[in-house]
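Bear in mind these aren't lab numbers, they're just calculated from the coordinates by the rules spelled out. Owing to the predicted nature of the structure, the values given are computational and were not obtained by experimental measurement. Backbone-built Cβ (ideal geometry, glycine too); neighbour counts: all protein chains shown.
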Amino acid sequence: MAAPFVAHQARTSAAVIRHLANARAIVDGEEISGVYERQHGEINGMAATFPTFLLQSSEVAAKHIQRGTQIRIPQAGEAAWGSQEWYGGTLFNVTGLEPDGAGLTLLILEAP
């Protein structure tokens, strides 16, 4: 029976995001909870950052997120979520999507 497993997987991925989310992002005017990270590394001897956003795979499908989709992530201290003043943040383009097969997808981000 696939249906009970799929339902369990959806509940599990939702719980993971609910407990680990450290950010919300705006995609096409709608908020999405997820885990935002900016890992630091090196490419050809030069310092680089690698921003990512982990979210539920169901949100990827519902919001039609694909390569080229723009996503805005706020900076600390910005206006409260949902307020009319919330326009700032960092704008990113989605350059890659890495579903984990267990209900979560990692978005690879890049500044435009």
Using a Gaussian network model of the chain with C-alpha springs under 10 Å, which one of 44, 22, 93 is most mobile by mean-square fluctuation?
44
Choice from 20, 97, 55 with maximal GNM fluctuation in the chain (Cα, 10 Å cutoff):
20
Per-residue [θ]222 nm for the chain (sum of -39500 (n - 2.57) over DSSP H runs n ≥ 4, rounded to 500):
-7000 deg cm²/dmol
Expressed in angstrom and ordered largest first, the alpha-carbon extents of the chain along the principal axes are 49, 41, 25
What does the charge dipole of the chain about its Cα centre add up to, to the nearest 20 debye, if the Cβ of each Lys and Arg holds +1 and the Cβ of each Asp and Glu holds -1?
200 debye
